[in-house]
Amino acid sequence: ISFERSFAAPPGKYVLQTAILDNNTGKAAARRQAFEIPSSQSLPELSDLMVVRGIEPAGDEGGEPDLLWGSEQRVEPNLYGRMPAGVNNVSVFLLAHADAKSQEPAIVNIEVLRDGTPLKGKPLTTTLKAGVEFAPVLKGFAISSAADGKYEIRATLTQSGKSAETTGTYELAGEEVHMASGGSGAAADA
C-alpha cells in the first residue's frame, strides 16, 4: 500500500507520526520520524536517494503535485530496502537542486559499491540542463554478477566548485535469507 501526501512548510524541526490499524486482525503499528527543513540551503543540494521498486507512466490527475516523477514516468520507491535474489537491473531516483543562476553545468555522478568496494565500470553521469533549479534524476544500471550483500549507491552533484552528496543502501537477499524469515513455497515468493 502506498500513501502519499505533499505539503509546504516553513523551515524548522518536525516530527512525522505515522500509524496504521488493520481492521481485519485488530493489529496496529506506529512510528515517529524526526526531520528538519533547513532555513538556508546551500547549493547544489541532493534529495535522499531511493531505490526504485517500479516505474509507471505519469498520470495527470490535477491533484497534489507528485514529487516522485522523472519526465513522463512516475517512480514507486522500494521502501523495504531489500531486493529479491537474482535481480540484476536496479534503478535509483533522486532530485537535484542546482544553482539556476550559475553559468557552470551541474553534473550528477552515481557510483555503486558492494560491501564497501566500488563495482567495476564507469560511474553513471547526468548533466543537468543550464538554468534548471530542480531536476529529477532517474538512472538504471545492471550488475553482471548480482551476489548477495549490502549495496551502497553514492550520488555526487558538482557545480561551480561546490558539491553535495547523498547515499542510499539496499540489500540483495538470497534464498537462505528468505527461508530464514519463516516463509516457504509460494507464500515466500509472494
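Only residues that are more than 30 Å from Ala142 (Cβ to Cβ) and in contact (Cβ under 8 Å) with a residue 40 or more places away in the chain: list them for the stretch 1-54, please.
Correct list: Arg5, Ser6, Gln41, Ser42, Leu43.
Which of (1) at pLDDT 80 or above; (2) in a loop (DSSP other than H, G, I, E, B) does Glu56 not meet, given it meets every other one?
(2)
Determine if the stretch 1-14 includes at least one residue that is part of a strand (DSSP E or B) and of a type in the set (Val, Ile, Thr).
no
Look through the stretch 138-181, keep the residues that are open to solvent by less than 70 Å² (accessible area, probe 1.4 Å) and at positive phi, and return whichever of them is modelled with the lowest pLDDT.
Step by step, filter the stretch 138-181, then rank; the result is Gly149.
May I ask you to list the residues in the stretch 20-53 that are out of contact with any Ser or Thr (no Cβ under 7 Å at 6 or more places or on another chain), among the hydrophobic types (A, V, I, L, M, F, W, C) and buried (at least 17 other Cβ atoms within 10 Å of the Cβ)?
Leu43, Met50, Val51
Restricting the first residue to the stretch 85-103 and requiring it to be within 16 Å of Ser47 (Cα to Cα) and in contact (Cβ under 8 Å) with a residue 24 or more places away in the chain, which pairs with a second residue that is open to solvent by 50 Å² or more (accessible area, probe 1.4 Å) and polar (S, T, N, Q) meet a Cβ separation below 7 Å and a spacing of at least six or different chains?
Listed by first residue and then by second, the contacts come to Asp99/Ser160.
Please count how many residues of the stretch 120-132 are open to solvent by less than 60 Å² (accessible area, probe 1.4 Å) and either at pLDDT below 85 or out of contact with any strand residue (DSSP E or B) (no Cβ under 7 Å at 6 or more places or on another chain) (or both).
Residues in the stretch 120-132 being open to solvent by less than 60 Å² (accessible area, probe 1.4 Å) and either at pLDDT below 85 or out of contact with any strand residue (DSSP E or B) (no Cβ under 7 Å at 6 or more places or on another chain) (or both): 2 in total.
The values are calculated or read from the model by the stated rules, or taken from the named source; none is laboratory data. What you are looking at is a predicted structure, and each value in this text was computed from that prediction instead of being measured. Virtual Cβ from ideal backbone geometry, glycine too; neighbours counted across all protein chains shown. Areas reflect the complete protein model, heavy atoms only, side chains present, ligands, DNA and RNA absent. Shrake-Rupley method; radii C 1.70, N 1.55, O 1.52, S 1.80 Å.
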